[in-house]
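Novice: Have a look at this one.
The values are calculated or read from the model by the stated rules, or taken from the named source; none is laboratory data. What you see is a predicted model; the values in this text were computed from it and never measured. Cβ coordinates were reconstructed from backbone atoms using ideal geometry, including for glycine residues, and neighbour counts include every protein chain displayed. The protein model used for the area step is the full one, side chains on, heavy atoms only, and it has no ligands, DNA or RNA in it. Shrake-Rupley method; radii C 1.70, N 1.55, O 1.52, S 1.80 Å.
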Amino acid sequence: MKKLILTTAALALSAGLAIAASHGATVRLGTEGAYAPWNFINDNGEVDGFERELGDELCKRAELTCEWVTNEWDSIIPNLVSGNYDAIIAGMSITDERDEVIDFTQAYTPPDPSSYLATSADVDVESAVIAAQAATIQAAFIAEQGWTLVEFATPEETVAAVRNGEADAVLADKAYLEPFAGQDGLVMLERSEMIGGGVGMGLRESDGELRAKFDAAIQSMKDDGTLNTLIAKWEVASTW
Amino acid sequence: MFEFCADPETLDTFRWFACYLTTGKHIGMYWSVLTVLALLAITAPAALFFGFAGASAARSHVSPVSWLGKAYIAVVRGVPDIAFFLFFVIALDQMFEYLRHKVKCPDWTEPIRQGNDFIVCDAAKLPLGSSPQWVHETYGFFLAVLTFAIVFGAFTANVLFGAMRAVPRAQIETAEAYGMSRRQAFWRVLVPQMWVYALPGLGNLWMILIKATPLLFLLGVEDIVYWAKDLGETKHARFTDYPHGDWRIWYFLALLVFYLTFTWISEKVINRLTKRLSHGQATLGGDAQRKVTA
Amino acid sequence: MSCWQTIQDYGLRSIGIGERLLPKTDFTLCQQFTLIGSGMIWNIYFGALALFVGFFIASAVALGKNAGPAWIRKPCEWFIFVFRGSPLFIQFFFAYFIFLKVKQLGFMPWLTSAQAGALVVLILNTAAYSGEIFYGALRSVPRGDVEAADAYGLAGWSRFRRILWPTMLRLGWPAYTNEAIFLFHATTLVFFSAFPTLGQRGDSLYYASYFADKTFNPFIPYPILAGYFILLTLVIVGLFGLINMRLNRHLPQERRVRLRFRPNLLR
């Protein structure tokens, strides 16, 4: 039956219809799988975390069959626009730069400040050496302030750099840093920076229909409070 | 895996590790070893094919073909493989989909490039949107093999081109004197003899190929380094049953042992192959063998 | 902003001279060419220095591996085996780890910076690869050359300096050229894996991925990077070709080793 629908759709020669039909089949969700608690690979080797639960629920509400795919962060947008998956759900902040290239659904977590994790509570970030993951909004922020920035390829290395004294503090998402606080004498600083917008799902600009579906599903989760419950459960951000 | 793994927190060290090392994620890493080996096994002959084609083209008497072969060798060799991997796979994928699109959906009127988006008709998608995950993974693996083969094909072409030159000119002249055509002389005299000259270079390339596999994760294939990084990172009790600190050093140590063993075995095999191939050849190695038997 | 202005602002950005902030919006081709080119300074720095220092260590290691006593030979063999047998990726990781430990003990704190630490790794890496090439070349020095040296009464250092070493270089040179090309390519891994980037002063790959990340279009910055490296490779092949001609200048024309046509060129 599925095959029959596909053939008729192809014969109808209508872009909208054909895309709709393929979405009736499966929607592929792209994520990074290395950013707990947002998304990570669990002990069984499956995608897990806040966004896994959220994505599955959204697909259920939008009546879509979804499949999870992991992709390197660096090429996550090029692979979306090239059509290797249909949506990004990877803790991606909605920024103007990204919005020019892809479309976002409404945010599913509110904008949250980034925090510092440091060797001691009295580190002065303006004169200290601050570590950040290369090519993140945090790295761009520190560079813009004119503070001393060291960039590492992975988030793990940024925390390690603070631990072994290569940097005085690391700037990253609060939810990522929080589990490290209290270990090896690392502490969270009081100061935090309001950078980045809320987090939303990224879709191809030509895929308005799918975006509308996810948008409606997110709205319905916001309305009945299930989204807040999920955010609280995984402690990824503040609630709506 | 084991029954006693239900509650890891209560286990003693040995059992804890027995459970830890058999989690689904670790099994994933063990599989990735096979993925890497399979990739090497397929890439090597594929690269040899590309190399042979490249070298033959570079030797061609038809100028455009010869330029093409030489350009392929020069350009691909000149670029760091890492830079190549960062954009080439997407380009390759788009090229395939574009070609399929032209064939399968000739009546399609929408533009393929809509702003930033690359859109082909559904029938042209590779793999089809409806195919299961394993098809996607196999396709990704295939793209990685092809990319590796194209990159290492250029190096292979360079080696084979040199090897073809190294076969003594007199051999070909003799073949021609016996009335063989150019084609016959090439296939019956040149090709069988060039391998002994090519082998040291090819052996080195094989070693380089082995050591290029950590770059596989750039091509979207989950290789051993990808897993070692992920598994070695600090794991918090909230997200796993087996929390631990930064263990990357241990995982990388395992990788080091893996690679050293692999290259060590390869070296032994190549040495043996060199001896075998030198047999009866007009080279120093071949002479030495004759002297021993005589 | 004119392109010339961009070059003035960003031409030396990778070593910290010029505009402090990287471009953030409205990326032009000129900016991409300038910054990626600016990053090439580090690739050339790493490659040229590693090649220069590594050359001498390689000569020593090749001699060591060829030496009689096991206490010299074995360490050289192991050195070559470990550095040739493992991916550079992993070598960088371990080196950074060890340098950190050394620093914590209070020695040589500068080793954890990419400019020094990664350079050390690259030196050792190329020393091992070239060492093996030179060792192979040393083994194939024609016996006649050595006998002639003996006949002239040359021995010890002067025999090595005047006979063995030049012949070894001549025989190993084509393969060594390839090693040099590979080494320059390998310098792109420095900031890509283990070593940190300070103040956005990175190499060409760092800036290329910066642009790829900002513009979400990998099809412009990476080919630019590729173009730069093709040019660099041509320059290396040219320079090494000149040295090759000098090494072979005493040979009759047709016996000269032609650089491009040697079979076992690769490391």
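Novice: Residues in segment B:173-187: is at least one facing another protein chain (nearest Cβ under 9 Å) and modelled with pLDDT of 85 or more?
Specialist: Narrowing segment B:173-187 to residues facing another protein chain (nearest Cβ under 9 Å): none.
Checked segment B:173-187: no residue is facing another protein chain (nearest Cβ under 9 Å) and modelled with pLDDT of 85 or more.
Novice: Has segment C:167-189 got any residue that is surrounded by fewer than 21 Cβ atoms within 10 Å (Cβ to Cβ), without any contact (Cβ under 8 Å) to a residue 12 or more places away in the chain and in a helix (DSSP H, G or I)?
Specialist: No, the conditions are met nowhere in segment C:167-189.
Novice: Restricting the search to segment C:236-252, which residues are surrounded by fewer than 12 Cβ atoms within 10 Å (Cβ to Cβ) and under 17 Å from the mean Cα position of the chain (by Cα)?
Specialist: The answer is C:Gly238, and nothing else.
Novice: Further question on the same structure: When the residues of segment C:98-117 are filtered to those that are without any contact (Cβ under 8 Å) to a residue 12 or more places away in the chain and within 11 Å of another protein chain (Cβ to nearest Cβ), which remaining residue is farthest from C:Gly54 (Cα to Cα)?
Specialist: Top of the filtered list is C:Gln104.
Novice: Turning to a different aspect of this structure: Can you pull out the residues in segment B:81-111 that are open to solvent by less than 30 Å² (accessible area, probe 1.4 Å), within 14 Å of chain C (Cβ to nearest Cβ) and among the charged types (D, E, K, R)?
Specialist: B:Asp93 - this is the single residue of segment B:81-111 that is open to solvent by less than 30 Å² (accessible area, probe 1.4 Å), within 14 Å of chain C (Cβ to nearest Cβ) and among the charged types (D, E, K, R).
Novice: Let me ask another. Being within 15 Å of the chain's Cα centre (by Cα), more than 9 Å from every other protein chain (Cβ to nearest Cβ) and either at pLDDT 90 or above or under 17 Å from A:Glu32 (Cβ atoms) (or both) is true for just one of A:Thr70, A:Thr109. Which residue is that?
Specialist: Every option except A:Thr109 fails the conditions.
Novice: Check segment B:225-244 and report whether any residue there is modelled with pLDDT of 85 or more and farther than 25 Å from A:Gly49 by Cα.
Specialist: No, segment B:225-244 contains no residue that is modelled with pLDDT of 85 or more and farther than 25 Å from A:Gly49 by Cα.
Novice: Moving to a separate point now. Please verify whether B:Ala18 is within 30 Å of C:Pro87 (Cβ to Cβ), among the aliphatic types (A, V, I, L, M) and in contact (Cβ under 8 Å) with a residue 24 or more places away in the chain, treating the condition exactly as stated. Please lay out each step first, then the result.
Specialist: Working: within 30 Å of C:Pro87 (Cβ to Cβ): yes; among the aliphatic types (A, V, I, L, M): yes; in contact (Cβ under 8 Å) with a residue 24 or more places away in the chain: no.
No.
Novice: Would you be able to say whether some residue in segment C:122-139 is surrounded by 16 or more Cβ atoms within 10 Å (Cβ to Cβ) and assigned to a loop (DSSP other than H, G, I, E, B)? First the steps, then the outcome.
Specialist: As a first pass, look at segment C:122-139 and keep what is surrounded by 16 or more Cβ atoms within 10 Å (Cβ to Cβ): C:122-138.
Filter again for assigned to a loop (DSSP other than H, G, I, E, B), leaving none.
Checked against the condition, which is being surrounded by 16 or more Cβ atoms within 10 Å (Cβ to Cβ) and assigned to a loop (DSSP other than H, G, I, E, B), segment C:122-139 yields no hits at all.
Novice: Let me ask something else. Which of the residues spanning segment B:68-80 are open to solvent by 20 Å² or more (accessible area, probe 1.4 Å) and over 16 Å from B:Val159 (Cβ atoms)? Even if it seems obvious, please write down each step before you answer.
Specialist: Keep residues of segment B:68-80 that are open to solvent by 20 Å² or more (accessible area, probe 1.4 Å), which gives B:68, B:70-72, B:74-75, B:77.
B:Leu68, B:Ala71, B:Val75, listed by residue number.
Novice: Kindly list, by first and then second residue, each pair from a residue in segment C:228-247 that is aromatic (Phe, Trp, Tyr) to a residue that is crowded, with 16+ Cβ neighbours inside 10 Å, limited to pairs with Cβ atoms under 6 Å and residues at least 6 apart or on different chains.
Specialist: Between residues of segment C:228-247 that are aromatic (Phe, Trp, Tyr) and residues that are crowded, with 16+ Cβ neighbours inside 10 Å, the close pairs are C:Tyr228/C:Met40; C:Phe229/B:Gly78; C:Phe229/B:Val79; C:Phe229/B:Pro80; C:Phe240/C:Thr177.
Novice: Filter segment A:61-82 down to residues that are open to solvent by 10 Å² or more (accessible area, probe 1.4 Å) and either in a loop (DSSP other than H, G, I, E, B) or out of contact with any strand residue (DSSP E or B) (no Cβ under 9 Å at 6 or more places or on another chain) (or both), then give me how many there are.
Specialist: Looking only at segment A:61-82, we keep the residues that are open to solvent by 10 Å² or more (accessible area, probe 1.4 Å), and these are A:61-75, A:78-79, A:81.
From what is left, the residues that are either in a loop (DSSP other than H, G, I, E, B) or out of contact with any strand residue (DSSP E or B) (no Cβ under 9 Å at 6 or more places or on another chain) (or both) are A:61-65, A:71-75, A:78.
Qualifying residue count, segment A:61-82: 11.
Novice: While we're on this one: In a strand (DSSP E or B), within 20 Å of the chain's Cα centre (by Cα) and assigned by TED's automatic domain parsing to the domain that holds A:Lys174: does that describe A:Ala132? Before you say what the answer is, go through the steps one by one.
Specialist: Details: in a strand (DSSP E or B): yes; within 20 Å of the chain's Cα centre (by Cα): yes; assigned by TED's automatic domain parsing to the domain that holds A:Lys174: yes.
The answer is yes for A:Ala132.
Novice: Follow-up question, since we're still on this one. Name every residue in segment C:190-227 that is of a type in the set (S, T, N, Q), at the interface with chain B (Cβ under 10 Å from one of its Cβ atoms) and part of a loop (DSSP other than H, G, I, E, B), in order of residue number.
Specialist: C:Ser193, C:Asn217 - these are the residues of segment C:190-227 that are of a type in the set (S, T, N, Q), at the interface with chain B (Cβ under 10 Å from one of its Cβ atoms) and part of a loop (DSSP other than H, G, I, E, B).
Novice: Could you check segment A:216-234 and list, in sequence order, the residues that are open to solvent by less than 10 Å² (accessible area, probe 1.4 Å) and within 27 Å of B:His236 (Cβ to Cβ)?
Specialist: Of segment A:216-234, the ones open to solvent by less than 10 Å² (accessible area, probe 1.4 Å) are A:217-218, A:221, A:227, A:231.
Hits for segment A:216-234 are A:Met221, A:Leu227, A:Ile231.
Novice: Also, quick follow-up: If you take the residues of segment A:187-215 that are within 12 Å of chain B (Cβ to nearest Cβ), open to solvent by less than 50 Å² (accessible area, probe 1.4 Å) and at pLDDT below 90, which of them is nearest to A:Ile88 (Cα to Cα)?
Specialist: A:Asp207
Novice: Here is a follow-up. Within segment B:20-39, which residues are crowded, with 19+ Cβ neighbours inside 10 Å, farther than 30 Å from B:Asp7 by Cβ and not β-branched (Val, Ile, Thr)?
Specialist: B:Leu39
Novice: Can you tell me which residues in segment B:142-155 are touching a Leu at 6+ places or on another chain (Cβ under 7 Å), open to solvent by 10 Å² or more (accessible area, probe 1.4 Å) and not aliphatic (A, V, I, L, M)?
Specialist: If the condition is that a residue be touching a Leu at 6+ places or on another chain (Cβ under 7 Å), open to solvent by 10 Å² or more (accessible area, probe 1.4 Å) and not aliphatic (A, V, I, L, M), then B:Phe155 is the only one that fits.
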